[in-house]
Amino acid sequence: MNIVDELPLPPNFSLITAIAVLGIATPLQANPIKPEVEIVATHLVGIMETSAQAAANLDAPSVRMTTCRVRIAARDPARNLHSAAPVFLYQEQALTERLQRPYRQRFLQLAPSATENSVESKAFKPIDPERWIGLCDRAENQRILQPSDLIEAGCSVFLVPVNQIYVGNTQAGGCATNVRGAVRITNTIFLHSAGMDTWDRGFDAQGNQVWGAKDQSYQFRWIE
């Protein structure tokens, strides 16, 4: 049974709510978080789609998310990267009928959070997005970039293990943005055995939701 599918997920769902709903009593500090970084990275790598959801709901987009490991050639302390060796991923999202034209590209740095009680997924934007389209199709030894190729996006998601899944939330208050009329974005993420569910939402300056998940999450399911 998919735990996530059994949960009601209202638009204001939060990380604290997730932990309360699932009845978690075990303190996170009882489990070292460093091994969780690799578990989260391994879970994200691969190809997921919302095509099954789109087939069942004509209002839902059919999106492919492709994720792979990359390597940073050198460290730049000015970019405030973690001193411990993090895991870096490249991720792109595209409509399934327009795979060569991704609408979202980002690099993710996975590492223990500053408090070491969660996995922090910090987003970076590519300076030259066109250059990296289809990066996951290249051999792993060709997926190497310089710190100067990245711009920190100023947004992190913090993930914790909860029973058999991982639950993640953006930082308190969400993240500043300037995308399709939104000035702030929030996201709640569930990593589970079937793939990943996300509540990715954008809000305008008045606090009104202008895009993103409403009545149901974006339901990404493994295809590879």
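The values are calculated or read from the model by the stated rules, or taken from the named source; none is laboratory data. Since the model is a prediction, treat every value here as computed from it, not as a measurement. Please note: Cβ atoms are built from the backbone with ideal geometry, for glycine as well, and neighbour counts cover all protein chains shown.
Checked against (1) at pLDDT 95 or above; (2) within 17 Å of CYS68 (Cα to Cα), VAL167 meets all criteria but (2).
Scanning region 204-218 turns up one or more residues that are modelled with pLDDT of 95 or more, closer than 25 Å to GLN100 by Cα and of a type outside the set (Phe, Trp, Tyr).
Cβ-Cβ distances below 7 Å connect the following pairs, each with a first residue in region 111-140 that is under 10 Å from PHE158 (Cα atoms), a second residue that is surrounded by fewer than 15 Cβ atoms within 10 Å (Cβ to Cβ) and among the basic types (Lys, Arg), and a separation of six or more residues or different chains: PRO112/LYS34. The numbered conditions (1) at pLDDT below 95; (2) closer than 14 Å to ALA41 by Cβ are all true for GLU120 except (1).
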